[in-house]
1. Being under 20 Å from N29 (Cβ atoms), basic (K, R), crowded, with 16+ Cβ neighbours inside 10 Å and free of Cβ contacts under 8 Å to residues at least 60 places away in the same chain is the requirement here; does R150 meet it?
2. Tell me, yes or no, whether region 433-441 has at least one residue that is over 24 Å from N342 (Cα atoms) and basic (K, R).
3. How about region 335-391: which strands (runs of 3 or more DSSP E) wholly inside it have at least 1 residues that are farther than 20 Å from L303 by Cα and aliphatic (A, V, I, L, M)?
4. Residues being modelled with pLDDT of 95 or more, assigned to a helix (DSSP H, G or I) and polar (S, T, N, Q): count how many of those fall in region 171-219.
5. Suppose we filter L302, L323, L285 for residues that are free of Cβ contacts under 8 Å to residues at least 60 places away in the same chain and either closer than 16 Å to Q351 by Cβ or touching a Phe, Trp or Tyr at 6+ places or on another chain (Cβ under 6 Å) (or both); which single one remains?
6. Filter region 167-188 for residues that are without any contact (Cβ under 8 Å) to a residue 40 or more places away in the chain and at negative phi and give the result.
7. For region 379-400, indicate whether the set of residues that are hydroxyl-bearing (S, T, Y), free of Cβ contacts under 8 Å to residues at least 40 places away in the same chain and touching a strand residue (DSSP E or B) at 6+ places or on another chain (Cβ under 8 Å) is non-empty.
8. Please work out which residue is surrounded by the most Cβ atoms within 10 Å (Cβ to Cβ), limiting yourself to region 153-166 and to residues that are part of a helix (DSSP H, G or I) and without any contact (Cβ under 8 Å) to a residue 12 or more places away in the chain.
Amino acid sequence: MKKLKNLIILSLVLSLFIPYSPVLAIEFNNGYIISDSDLTDAYSMSLNDIQEFLDRRNGTLDTYRALDENGVDKSAAELIWQASIEHQINPKFLLVMLQKEQSIVEDDTPTQKQYDWAMGYGVCDACDPDDPGLIIFKGFATQVEMMASRNRWYIESTEGWLRKAGQTYTIDGHQVYMVNQATANLYNYTPHIHGNYVFWKIWNNWFTQKYPDESMLQAEGEAGVWLIDNGVRRPFFSKSALISRYDIANVISVSKAELEKYEIGHPIKFSNYSILETPMGNVFLLVDNELRKFADAEVLRLLGYNPEEFEFLSLSDFAKYDLGEPITMQSAYPTGSLLQNNQTGGVYYVQDGLKHPIITKDILKLNYPQYNLTQVSPEELSKFPNQDPVKLKNGILVKAESGSAVYVISNEQKRPIVSGSVFEKLGYRWENVHIVDEKSLSNLELGAVVDLDFKN
């Protein structure tokens, strides 16, 4: 009980309350289309990444070649990569602009005009592309180069007529506040809301990264932490709600734009193993995402729970949880306990009268870092039926002693991360990888490879 009290106090002291609104879908914000880092991350894709991306599209840019400004024959991927590095503009941005302007990334029968004016640079809606004065902008390589250099100029220029971050402008009859410079850049190039909506749709369709379930994400510069759960992001309302379930060292820092690509799910308000009481007077033990009802007041009393420790659970919050098995007098160790055979040394996780063997020390240390073992006799252990062995907990990074693959544990599967480059681009940290023996991974199914979405 002392442990439970300390956890409640910790919840009050370390609260990181996150503003929550019940947004259920990703919505277009005409004043914030992509982040500044999304625009300027010139190293988000290597040359090989760009080529592989084009290989996976239906268009012809995977084999298209053109002369660059120095007359050197280069592939479309090389021209895009070259312009992105020279002007420090994200190659993803250039790819999306190519699709937005001429659909050329996915068009399998493009015209020469689509190649020649691939970015739409220099030709307005009323312009004649055959105008001799526009010939200097004609050609695929020139179009890519001008798009990259122009966006760098938008960022650095002090020209008063340019749209800038922090200002409000009338666009298509609407007052649009430019949250950041990347959004202002897009309106400088395409001064219409619909055109930038098209850009936003393509960007989110192509470059929305999906992290494995049980990943914890935090937007750069913000305090709130979110859990990825079945493809949505669920906010932790307090630090204690987080640390009662996960290791805070595994939180991944991502851009705000990356985080906002996920729909918002219902929040994680309470610490694990909180005692919750509804307006009707029913009392529950919260175990992960399940509410387990105490059968009666006598069970509560005999298990040692104090009404002063109960937290209020509204009916609206109650509806967001699954209902687990009731807790009765026969529910031995309802919150779980680690029991050790005092003769053999074997360790078991016992909950609700069932015992799960812990097959390695690595699983014991990683799943229960603050573990305390209760010594019991073989006779005492024999009272509890055997169940499947405990698996490594979700959300951690592991590597076998004898192997090179790094896995993220998600939904009780070991999902290999395809390469060290992808590992780092996803924001994982090498110091968080735990080296375990092969046996610790033996009872986990092999899941899908974790890769960057633009490779899919």
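The values are calculated or read from the model by the stated rules, or taken from the named source; none is laboratory data. Remember, predicted model here, so these are calculated numbers, not experimental data. As a convention, Cβ positions derive from the backbone with ideal geometry for all residues, glycine included, and neighbour counts pool all protein chains shown.
1. Numbers: under 20 Å from N29 (Cβ atoms): no; basic (K, R): yes; crowded, with 16+ Cβ neighbours inside 10 Å: yes; free of Cβ contacts under 8 Å to residues at least 60 places away in the same chain: yes.
Judged against the criteria, R150 is not a match.
2. Residues of region 433-441 over 24 Å from N342 (Cα atoms): 433-438, 441.
So of that shortlist, the ones also basic (K, R) come out as none.
Looking for residues that are over 24 Å from N342 (Cα atoms) and basic (K, R), one finds none in region 433-441, hence no.
3. Details: elements: 337-341, 347-351, 354-357, 373-376.
Passing ranges, in order: 347-351.
4. The number of residues fulfilling the criteria is 5.
5. Unique residue meeting the criteria: L285.
6. Result: Q167, T168, Y169, T170, Q175, A184, Y187, N188.
7. No, region 379-400 contains no residue that is hydroxyl-bearing (S, T, Y), free of Cβ contacts under 8 Å to residues at least 40 places away in the same chain and touching a strand residue (DSSP E or B) at 6+ places or on another chain (Cβ under 8 Å).
8. Step one: list which residues in region 153-166 are part of a helix (DSSP H, G or I), which gives 153-156.
This time we only want the ones that are without any contact (Cβ under 8 Å) to a residue 12 or more places away in the chain, so: 153, 156.
Values: W153: 15, E156: 7.
Ranking the candidates gives W153 first.
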